[in-house]
Each structure stands twice: as structure tokens, then as C-alpha cells.
Amino acid sequence: MFRWLIILLLIIFSHKAFAQEPIRPEIDLQDFAETLFQIQDEDINYEDLYESLLLLYSNPLNINRATREELSSLYVLSVMQVNNLLDYIKQNGDLVSLYELQSVPGFDPFTIRKILPFVEVRIGDEYGTSGSLINRIFREKNNYFLLRTERILETQKGFTPSTDPEASRYLGSPVKLYGRFRTSHSKDFSLGFTFEKDAGEQFNWNPDKKQYGFDYYSAHFLKENVGNFKKIAVGDYQMQFGQGLLLGAGFNPGKGSETITTVKRSNSGIKAYSSALESGFMRGAAFTYRLNNFDITPFYSQLNQDASIKNDTTYTNFDEYISSVQQTGMHRTATELENKKVIRERIYGANILYKKPSNDLQLGLTYLNIDYSVPLFKKPNNYNQFEFQGNNNYNLGGFFNYNWQNFLFFGEGAVSKSGGMGLVGGFIGSLSPIVSVSMVLRNYQKDFHTFYGNAFGEGTRNINEKGIYWGLKITPSKKYFFTAYYDRFSFPWLKFRTESPSEGFEYLMRFNYSPTRSILLYGQFRSEAKELTVNSDEGNLNHLEQGLKRSYLFNINYDIGKGFSLKSRVQFSDYNLAGKKTKGMAIAQDLNFDIAKFKFSTRIAIVDTDDFENRQYMYEKNVLYAFAIQGISGQAIRNYLMVQYKYSKKINFWLRYASTRFQDTQRIINSETSSIGSGLSEIAGNTRSEVKMQVRYRF
């Protein structure tokens, strides 16, 4: 009786705490992702992030049944908050309302507002999975079909006629087409397909040239909770186990302004794949079978990949070989078409996961085997002597997750066929309700080979790297918090542009202040140092010099109200290598506003950099399911306008125009031809602009 009285009082007074906010507020997921992770790196697949957030938003977690792993995968809650929530439910029973979260120790209004879009309280058939599967698929409300078209308005060299018959040109039109259908329900099923034609690719039916209308197709079907089968996937899928050392598909934020929760990988297992990225996924079948406290996941994949087959036997005994598996997915020219899907990649293996009934301990074992129909071989040089060579590679590894009080310990180790080893491990923890810490150690040997790994690290691959990372987050008030990290790393063997073992460091400090719900201010400083080979001024001898880049960022978001908001950003950097110092800066102003059924997003930005090392990255709003991360160097003015029109509950339209006008004719523009870009992407003039249109229909 007393508990119900407390809940009633919380509901009555919550209007003040939440400013009459609805239980599940409608949010802009792109803004949410950018605010949480501070997107600034073009190398990360943010489409996976958005897909994960959208699935959670469309099918929110039943907070009364959510596991520790699922709560942690929100990247919002600290270890102490997760433990407090689980303990509260264990002691008091299921939550009867999300307003009751205010009774959970450590849950302040700011934290609750961040997780509200992704959680619910459900009763009865909590995920609506009863009845016929076919009927559930057809009546599912969480479905959509979208169609997108885009193109660069200026004419690129690849689309111009050539008087030289040997000159390469794009074979298709400059229009890019993209379509996707998906229907899904949390804890039940996911079904979808994707098709795409990139700019320059042909829309053509010619099986002899591996052309079947659109250039790329993807399809998947994922069913969950069929008896003892936890998941069954057919078609295209990804997998993530342990810390991603062997299987690390999906979104892995890594180092960023969120310094605690994002350093640990989520053990999510099999995931449906619906992206337009033409690499990094598997095509075949996989399932997870639950046997007592064990989850057993065998998998098989066979996928044709792009590559350029060579037959130069000067450096190798292979009759033919490839130097790499191409991942761009571009098939615009005759040469790119010849390289399309010329090799077969076959993958098979299994994962065994043990979960202690209390869910405080997880132990896993993974075996992975990859075969290529044509061997991989790189032309020998100083830094690639330990790269993988041959047709076959296999990995064997193990991992663990252990929760002890307010600390979560994790780790993974693996060995590849070459004998090289990879190790990564650490912890995240809450020292108090105010202070959280994290630490990650890694050691990836120079001959450790993993093709689908994406564990925590400085490099884009888990090879030839050692390092230690420390993260800190201090939240003394709901209005402000401080985050920081320090990462020290070394590369025991040579790297590209580094003709000797080298080392470096990186650290970040960030202060967030939100005096009211409508205002967010933050400032950030980031410093990164890496050694590079430079030429000696007194001869032909090369030596290492430390290249130091320092970046500064100041930002303010102001929600004026009634659909109007402003965002102002100033960022600048400097880079020092061998006594030569260069600089760069960018200023951006956003104005977003709603009028009736229209939503407008605008920006104007000014960029001025001395060189490519100081290029300025800025996240931009884009149409649904698309991300824009612009890295601009030189002197330029960048602007965009996006209009979203909500015709009805079922139909939405987007129109986006973006333009970059370069001002420095000496640094960026070719002074002789008055053009920007290079190769077949070259554009006459100093402006590059693009237009994008999209429609989404929900059945």
C-alpha cells in the first residue's frame, strides 16, 4: 500500500520534474546519437548506430524483463545505475509505471529523460509474440519501405565523353538509387531487403557481367525465441561476441566524449543485416540454441567478394593472387566490373556461451575459419612482412564478462593460424554515484590476423598495437558533468609512413553544462600525438618525428521552443610536425524549425585550414537512415537545407540540398584547369553540390 502511495505521488509531481513530457517522447534520433557520441569520425559506420537506436525506439525494452546486457547496450546507464535498477525490481517487484524510475537510487530526471525513448513497462504477452507468425508479420505496425535518390549536380569527369578510346569513364548515370523494406518486432522477428545502384553504376540486366538490374541486393530473415532456439538467421547477417576481437560487427563507438560505457562491446550475438554497405557482413545461415546455461551458435557464410586478380610471379609462387579484398562496392567502370565478385569467401565456425544463472558471469569460446578461392598476397616491403598470406586463416579465442558489485570486468583473447595473439581486457565501474571510471588494456601482435574483428584500439585493424586507456566521468550535478580519457599506445612493428617501431598518446577533456532543459553548452579539448617518418634536411636519411594535433571545440544548443532551435559551433586545430606548424578552423550555425507539417534543418559553415592534417569534421543532419560526416580542408563555405514533410502518419518526404564552395584556388583548386577533385571525380569549377530526395511509406 505504501509503495502505491509513493508511485501516485511521483506521477502527480512528475509533471514538474519532466515539464509535462509524455512517457515516451518523440525524438530526433540523429540529434540524440550526435549528442551522446559526438560524431566526428568518418571511419565509423554510423548507419549501424542509427539502425540499433531505431530498432530500440520502435521496439522499446520491457524494463521489467531487460537483462544487464540489454540495459548496458543503451550506452546511457552506469554500472551502478544498472545494478540499482535490477536490485530495485528484485526487491520490490515489477515497475508499474516508468514514473517509478524516480524511486530507483541514482536515477535523476536527466538520466530518465535519456532512456525514456527506449524503454517501456509491459504486462501480459509482453512482446506480442502469440499467434501465427504470418499474421504477426502482416499486422506488424513497425514496418516501412523507403526509396532514395541522390546525385551531384555538377558534371564529374567520369560522366564526360572522351576522344581517347582507352580512357576510362563511368558506364552508368550520375544518379544514385537506394531502396529498403523492413518489418520487425522486438524478441520476435525481422524481415527485410535492400537494393542500391551507386552513381556511375549501370542499371542493367547482363548476367555475363554480373549485372542484375540494381548493382547490390541484400535480404534477411531473423526469427527469435522458437522453443530452445534463441535466434535463427537466414540470408545476410552479422555477429558480435565478446569484445569483438574475432567477431565485432555492428556499431562500436570506441574512444569519444562518452568515456565509460562505450569502451566495452555488447555481446549481442547474431544481428540482422540491412545496410547498403557491401562488405563486413555474412551471407548464409546461423542460429543460437539454448541448452541449460549454454548458448550454442554455429554459423556458415559464403559470399563472393570484389578483388583484382594478379598473375605476377616475380615475388611469389602463387600462379594468381589478390593483394586485398576490395570493400568500396563500386562498379562504375569496365575495370571495376571486371573485379566484381571474382573470389569466393567461405566462413564457418561456432560460438559457445555460458551464462551463470545469476547473470553475473559469462564465459565464451569462439572458433572461426575463413577460406578464399584465390590466395591473398601483398608485394613485400618493410612494413607488411607479417601480413596474412594464403587461402586460409582460422582463429580460436575465449572471452569473459564478470559483474562484481559496481564493477564490470571483461576480456577476450585469441590466436590466429600464424600463431600471433590478440588480447584485450579491462573494466568499467562506479566508485560512487558521482564518479565512474574505465580501463582497457590491449596487445595485438604484429602477426595476429582477424578479418571480422573490431575490438577497442587506435588503429582501424587489431594488429601490431599495444595500449592502455583510462576513462573518467564525474557528474556532481544533473546540470553539468565532466569526462576525460587518456590513451597511451605503441606500434611494435613498422607501419605505413612509419619506418620504425613507434608510439603515441591521445587524451580528451570535455565539460557539459545544461542550466535548463532548453540549453546545452559544452567545450572539448583533444590532443593526439603519433610518430611519422620525415626526410632529413641534411641527407637522405629518414627519422621519426612526433606529429602533434590539438583540437578545440565549443558548442551551444538552444531550444527556443515552438519547434525552433539553434546550434552554434566553433572548432579549430593545429598540427605540428618537425617544427612546421599548421592550423585550421571552422564556424557553423544551424537553424532548425517546424512549420505545420514541415520540418526545416539548415546550416551555414565557414572552413579555413592550412592543410589536410587540419581538416575539420562536422556532423550534418541528413535524411532518415543516412549520415553525413563532412571532412573539409582548404578555404570553403559549406551549407545545406533539408525539408521534411509529414504528409500523413504513413507517408513522409525528405528533400536535401548541400553545397561546398571552395575559395582557395591555390591550395584546393587546380589552378590550370580551374577544377576540384581528382581522377574521374574531378569537377570543373570551384563548387560541389548535391541533392537528395527520399520518401518513406509505413504500411
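The values are calculated or read from the model by the stated rules, or taken from the named source; none is laboratory data. Model, not experiment: these values are computed from the prediction. Note: ideal-geometry Cβ built from the backbone for every residue, glycine included; neighbour counts use all protein chains shown. We work out accessible area using only protein heavy atoms, side chains counted, and drop any ligands, DNA or RNA first. Shrake-Rupley method; radii C 1.70, N 1.55, O 1.52, S 1.80 Å.
Entry note, the chain: relative contact order of 10 percent, from Cα contacts under 8 Å with a spacing of 6+ residues. By definition, a body whose alpha carbon gyration tensor gives a ≥ b ≥ c is oblate when a/c is 1.5 or more and a/b is not larger than b/c, and the stretch 391-544 fits this oblate description. Residues Trp654, Trp470, ordered by accessible area of protein heavy atoms at a 1.4 angstrom probe radius and largest first, appear as Trp470, Trp654.
For the stretch 66-76, putting each phi into the Karplus relation 6.51 cos²θ - 1.76 cosθ + 1.60 with θ = phi - 60° gives couplings of 5, 7, 4, 5, 5, 5, 5, 5, 6, 6, 10 Hz, in residue order, rounded to whole numbers and with x for Gly and Pro.
Taken over the alpha carbons of the stretch 521-675 as equal point scatterers, the Debye sum produces base-10 log I(q)/I(0) values at 0.21 Å⁻¹ of -1.30. A dipole drawn for the chain from +1 and -1 charges on Cβ atoms has a positive end, and of Tyr640, Leu303, Asn384 the residue lying farthest that way is Tyr640. Solvent-accessible area of the chain (1.4 angstrom probe, protein heavy atoms only): carbon and sulfur portion equals 56 percent. Cross-link reach is defined here as a Cα-Cα straight distance under 16 Å, omitting same-chain residues fewer than 8 places apart; for Lys209 the lysines meeting it are Lys197, Lys340, Lys341. Structure note, pairs Lys446/Lys549; Lys141/Lys223; Lys310/Lys378: Cα-Cα distances above 22 angstrom occur for Lys446/Lys549.
Note that the chain presents 47 Å² accessible area per residue, ligands and nucleic acids not counted, probe 1.4 Å. The charge dipole of the stretch 159-219, taken about its Cα centre with unit charges on the Cβ atoms of Lys, Arg (+1), Asp and Glu (-1) only, comes to about 320 debye. Take the Cα radius of gyration of the stretch 263-390 and divide it by 2.2 N^0.38 Å, N being the number of residues; the result is 1.36. Taking a ≥ b ≥ c as the square roots of the Cα gyration tensor eigenvalues, the stretch 558-608 comes out prolate, since a/c reaches at least 1.5 and a/b is larger than b/c.
Would the chain count as rounded, prolate or oblate if I go by the C-alpha gyration tensor, calling it rounded below 1.5 in a/c and otherwise prolate when a/b exceeds b/c, oblate otherwise? It comes out rounded by the Cα gyration axes. Charge dipole (Cα centre; +1 on Lys/Arg Cβ, -1 on Asp/Glu Cβ; no other charges) of the stretch 416-567 amounts to roughly 920 debye. Here the Karplus relation 6.51 cos²θ - 1.76 cosθ + 1.60, evaluated at θ = phi - 60°, turns the backbone of the stretch 216-231 into coupling constants of 9, 10, 8, 8, 8, 9, 10, 10, 10, 6, 10, x, 7, 7, 6, 8 Hz, with x for every Gly and Pro. Scalar couplings 3J(HN,Hα) for the stretch 134-144, obtained by applying the Karplus form with A = 6.51, B = -1.76, C = 1.60 to θ = phi - 60°, are 4, 5, 5, 5, 6, 9, 4, 7, 8, 8, 6 Hz; x denotes Gly and Pro. Cross-link check: pairs Lys114/Lys264; Lys478/Lys597; Lys114/Lys479 evaluated at a Cα-Cα cut-off of 22 Å; pairs beyond the cut-off: Lys478/Lys597.
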